[in-house]
Amino acid sequence: MGILRFRTRLRVYPVIPSSVHHPTRPVRPRQPVSAPSPRLSVADGTLPRVSSYPPSSPAQPTTLRQRLAGLRGPAVLPRPLDARALAALAANPGCGRRALLDGAGVDKTVLAAALGSPAAFGQSQFAIVRGNSFEAKVKGDGGAELLRLVHGHLDPAAEPPGAGARVPDLTAAGPEGRAARTALALREATAAGRETGAWTLLDHPMLALEVAGSPAYLEPDAVVVHPDGRWTVVEIKSFPMIDGAADAAKVGAAARQAAVYVLALETTAEKLDGAEVGHTVLLVCPKDFSNLPTAARVDVRRERAVTRRQLARLTRVEELAAALPEGLSFDPARTAEELTEAVSAVDAAYAPECLAACELAFHCRDRARAADEVTALGRSVRGELGALTTVEDALAAATGAGCAEDPTAAALHRAARLRAEALELAAARPPHHVPETSACPC
């Protein structure tokens, strides 16, 4: 086997001193050799921070809708407003607590239960069944009896409704669809009334009213379109009307509720030429102790004005929410102590009338009593006492310890003095002896 030999040629290059420069190529200075960089890995977290792309924008301001969602809780759906809630707002326009909670869509029934003061009121099942039965009786036979009552009490000069009265179908998908179908039916009924003189009955129409920047869908019992194009709200209640008169408190509540429907109808009427909404509604109730319907006219202009003013105040719910501390929430998942602190951060205007209209009334009453506030005694007493906001201040003024320049304190002191004098005179009088009557001879 032969042996392979490799011959290597070596080339020798002359060494040029560092002081000698090439005539044409500049000599670059020698850079110092840096130490080898350590190996980077994802596991030990030594990778350098990489800037995000696109660059992060500045924090956007929180919108009202986001703020209200934070007040409700991240996983809580908003509770829609109805006519009863809006009527209760009109009944107590000075309560910022209710205005904020209703504007944010907080479920006050769940909140009251979480606070340990559940609302113990509501309509009985028997009353609900009786009310539904009475309403079905009133609207039976194509609404002939209801149209007769409307004609007799509100429009006797018009042609009486006959068999040709219109009852359009208002069925649609969802509240938005039903509201649009109702608006179309009102337009058609107005045109038909002016052309042919026909009466139209809308059974449970759906109306939309903007409240605090979001639509609230309302469902009145009935709306009647007159032949002249006028729209009338009809409220059907199950409480009796005895000798032509009903309970004043229940009639007032029904009037406030009907005023909300009138406002919603006016919103729809603004989009139609020549449409008119009547400010006199028809209240239909059972006559005496029977199940026969009777009706009465109710003027709701005052209730309408109060409700409109309160709704305008409710649209400024952003101001109430902006005054609250960050992180405050009415989420029912929080503890009772946190919810109590959150509710106490919003001012309330409690009155005994709230017990029949607000789910938080029992909680507010307990707080008012614990704080010795005169609001627990009623609005009339609160208005008479003026600057005296606690029962202790009122009692001190009655004993003469109040401010002498305050006319309310002076009046309380004078009333207390007159009462004491009357009790002294009564104690000084001799006891009154009732003459003995002879026994009955029989």
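Values quoted throughout were computed directly from the atomic coordinates according to the rules given, and no laboratory measurement underlies them. Predicted, not measured: the structure shown is a model, and the values here were computed from it. Counting neighbours? That spans all protein chains shown, and the Cβs are built from the backbone with ideal geometry, glycine included.
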Added length on full extension, which subtracts the Cα-Cα distance from 0.36 nm per residue, Thr267 to Ala422
49.8 nm
If you filter region 120-184 for chymotrypsin sites (Phe, Trp or Tyr not before Pro), then keep DSSP loop positions with at most 12 other Cβ within 10 Å, what is left?
Phe121
Of the residues Ala410, Ala370, Ala394, the Cα lying farthest along the dipole of region 315-442 towards its positive end, which is defined by charges on the beta carbon of Lys, Arg, Asp and Glu, belongs to Ala410
Reachable lysines from Lys250, criterion Cα separation under 16 angstrom, eight or more residues apart if same chain:
Lys237, Lys287
Expressed in nm to one decimal, what extension gain is obtained for the pair Ala370 and Leu77 from 0.36 nm per residue of sequence separation less their Cα-Cα distance?
102.2 nm
Sorted by average packing, counted as other Cβ atoms within 10 angstrom per residue and highest first, what order do 327-336, 138-147 take?
138-147, 327-336
Mean Cβ count within 10 Å, highest first, over the residues of peptides 251-264, 378-391, 152-165
251-264, 378-391, 152-165
With T = 37 °C, eta = 0.692 mPa s and Kirkwood Rh from C-alpha pairs, the Stokes-Einstein D of region 298-442 in µm²/s is about 162 µm²/s
